[in-house]
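Note sheet for the following structure.
The values are calculated or read from the model by the stated rules, or taken from the named source; none is laboratory data. A quick note: this is a predicted structure, and the numbers were derived from the prediction, not measured. So basically every Cβ, Gly included, is an ideal-geometry build from the backbone, and we count neighbours across all protein chains shown.
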Amino acid sequence: MPDSSWTETGSSISLIPTTTPIDPGSSPANANYLTNAYKAALMQQYAGELAMKTSLDSLATTWGCSATAYNNAVAAINTTITGFSGAPANWATIWPDGTMSGPWLGVQTLLAANWATIATQRTALQGAISAAQASAAQAASVAAAATDATNKSNAAILASQPHQVAWAYASKPTLPSGSYPAGYYAITTDARTVQVNTSGTAWTDVLVATTGLFGQVVASQIVVNNQGPNLVPDPMGSDLGSWSSAVQITGITDLTVGSTAVANATGASATVLTTALIPIDQAKNYLVQMLAKKLVGSAGVNYLSVAWYGATGNFLASNTAQPTGAGSPAGWNNGSYSYFGLIGADAPTTWTKYTINFGPAGPAAIPSNARFVKIGAILNYSAVASYQAAISQVKLLECTDGSLIVNGTVTTANLVTGVAIADIARVGSLTARYIYFTDGFCLNTLEPKEAGANVTSAHVLTAMANETSTATATGVTNVAIPGLAFSLNASSTSDVYNFFGSMSGAQTAGTVGFDCYIKLYVDGVFNQSALITYPVLNGTVANSIVLSLTGLSAGAHTVQFYLSPANSTSTFQSYVGTTVLCQRIF
């Protein structure tokens with residue numbers, strides 16, 4: 001996030017100082033003198049500017065921005081007062097001294113020009129710092145995306161490797177153990193491959209070397225017919241050892257891939273599931289897919305199934321409450337297992353594909369206590385005589401997000417998807433109902449949440465408010481300025497809101513020389529203020545407003561500007577034409 005230390009504290013600083021203090025007696029205003037009241041205001045304003053300068057110099061150093069022009073502008077005030085006006089070098093600590101200084105020809109005019117230069121250079125420096133913050137935030141986002149892609153690529157490579165277990169064959173870990181569930185493979189230090197048996201109670205040899213040759217190797221002991229990223233060890237049913245309670249169908253000619261399948265014995269009911277436990281990640285999304293077909297018989301009942309297992313390989317019945325069961329996960333038809341596609345229905349007479357997505361972004365959920373699954377089907381549930389159904393091309397695929405796709409490698413004229421996840425997406429035309437960012441910010445049809453705001457680069461939003469009618473404030477009171485308000489929606493306490501504006505108004509009654517404040521209220525509570533000064537009665541003056549706000553809690557907030565005289569006998573007005581710009585950095 002950008003640096004949020006711009007929040008002004010204490011007495012806010014007027015960007016346009018008094019330009020025509022009043023001479024003693026009844027003579028008209030004279031710009032060649034510095035009255036005692038003017039000197040007091042000047043000392044306060046200069047001290048405030050020095051505090052602002054300290055903050056901006058630090059930020060400029062941090063973000064590599066030059067503060068030379070701004071520092072020179074601030075230094076010019078001291079040069080004007082001590083050099084041109086002949087004031088003592090320590091004027092900023094001894095004024096007011098009870099006397100009027102002067103005459104110094106045009107001293108107030110020169111000071112007004114100095115303050116205008118300071119305001120211009122300060123605004124330019126703040127803009128440069130904002131741009132540097134935004135650029136750094138964007139660079140950090142790109143670097144994080146690159147790191148994430150590298151980590152995921154490395155994890156995918158590691159996941160494809162065998163588990164190397166550092167123990168001697170004679171001292172394998174004791175079972176059962178939550179660290180070594182049923183179906184877990186390992187390679188021992190004496191080059192043997194072992195596996196935890198289906199009950200999770202013993203290690204069994206899978207590959208045994210004798211006289212330089214391997215013993216019998218069958219499909220249930222290695223991955224066969226695995227199609228790319230498929231997590232199912234034997235998707236085609238080419239090895240009955242990989243499936244429970246199944247018979248094998250061979251010589252199939254109407255499959256698009258392969259010629260084998262697994263089925264129930266004709267007329268019998270069978271729960272056909274993978275024998276191996278397949279690990280799943282709670283944070284990832286998956287796709288289950290399989291083909292099903294009725295081979296012979298009249299109407300039968302079938303359920304395509306996902307069976308859930310806990311961290312120790314313990315079975316979790318889908319319709320049983322947690323922690324002993326899976327707790328009826330959402331998006332599934334739940335019984336002993338979680339069902340999809342064919343649910344208590346007859347299989348079609350041609351090979352038909354059935355799919356379901358599950359995971360955090362899918363329509364179906366992963367039970368919070370599930371760590372493994374088995375995939376398959378309950379075939380001929382009611383044991384209809386002479387009935388047989390089969391499944392083949394069984395797949396469990398991890399849905400990979402866009403961070404693993406190399407830029408420019410996906411090209412298509414049309415893309416239709418329910419969910420698209422990518423760190424970077426470059427498109428010529430995008431039609432979407434909603435676009436959500438990972439930090440929770442939402443764009444509805446590419447319109448920002450702040451009404452009337454414009455989207456710019458690097459997480460910066462701007463919005464403008466205009467005074468709609470004259471506000472009049474008399475005495476020590478607070479009067480809301482019509483139209484000068486914003487509706488904000490903070491994503492976190494690190495959001496920064498900078499307000500820049502020009503206040504057009506006048507003092508219409510009372511003694512000249514008393515101050516007036518522009519106050520900022522957040523959700524009806526005073527937050528901070530900016531000092532504005534009117535040097536004459538009934539003379540329209542434009543005062544600059546610069547305020548910064550941060551630390552808002554996440555959610556909706558309302559900002560309103562108020563006119564507030566500092567004296568009980570003074571009346572001040574702000575006029576239509578007053579404009580404030582709100583810049584949000586997040």
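Where strands (runs of 3 or more DSSP E) fall wholly inside the stretch 189-300, the ranges with 3 or more residues that are at pLDDT below 90 are 193-196, 203-207. Taking the stretch 296-322 as the range and being within 15 Å of Phe372 (Cα to Cα) and of a type outside the set (S, T, N, Q) as the test, the residues that pass are Val306, Ala307, Trp308, Tyr309, Gly310, Ala311, Gly313, Phe315, Leu316, Ala317. All told, Thr68 falls short of being among the β-branched types (Val, Ile, Thr), modelled with pLDDT of 80 or more and in contact with a Leu (Cβ under 7 Å, 6 or more places away or on another chain). Looking at the stretch 73-84, can you tell me whether even one residue there is modelled with pLDDT under 80 and part of a helix (DSSP H, G or I)? Yes, the stretch 73-84 has at least one match.
Condition first: within 26 Å of Ala37 (Cα to Cα) and part of a helix (DSSP H, G or I). Can you find one or more residues in the stretch 98-106 that meet it? No, the stretch 98-106 has no match at all.
The criterion of at least 3 residues that are touching a His at 6+ places or on another chain (Cβ under 8 Å) is met, among strands (runs of 3 or more DSSP E) falling completely within the stretch 455-573, by 479-490. From the list Ala480, Ala485, Ala556, exactly one residue is under 30 Å from Ile129 (Cα atoms), surrounded by 14 or more Cβ atoms within 10 Å (Cβ to Cβ) and small (Gly, Ala, Ser). Which is it? It is Ala485.
Select from the stretch 37-60 the residues that are over 15 Å from Asp97 (Cβ atoms) and of a type in the set (D, E, K, R) and write down the one among them that is farthest from the chain's Cα centre (by Cα). Only one residue fits best here, namely Glu49.
Residue-by-condition table, conditions (1) under 30 Å from Val257 (Cβ atoms); (2) not hydroxyl-bearing (Ser, Thr, Tyr):
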| position | (1), (2) |
| --- | --- |
| Ser298 | yes, no |
| Val301 | yes, yes |
| Gln322 | no, yes |
| Asn334 | no, yes |
| Trp351 | yes, yes |
| Pro363 | yes, yes |
| Ser368 | no, no |
| Val373 | yes, yes |
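Are any of the residues in the stretch 292-303 touching a residue at least 12 places away in the same chain (Cβ under 8 Å) and in contact with a Gly (Cβ under 6 Å, 6 or more places away or on another chain)? Yes. Total residues in the stretch 488-523 satisfying the condition of being of a type in the set (Gly, Ala, Ser) and crowded, with 22+ Cβ neighbours inside 10 Å: the figure is 2.
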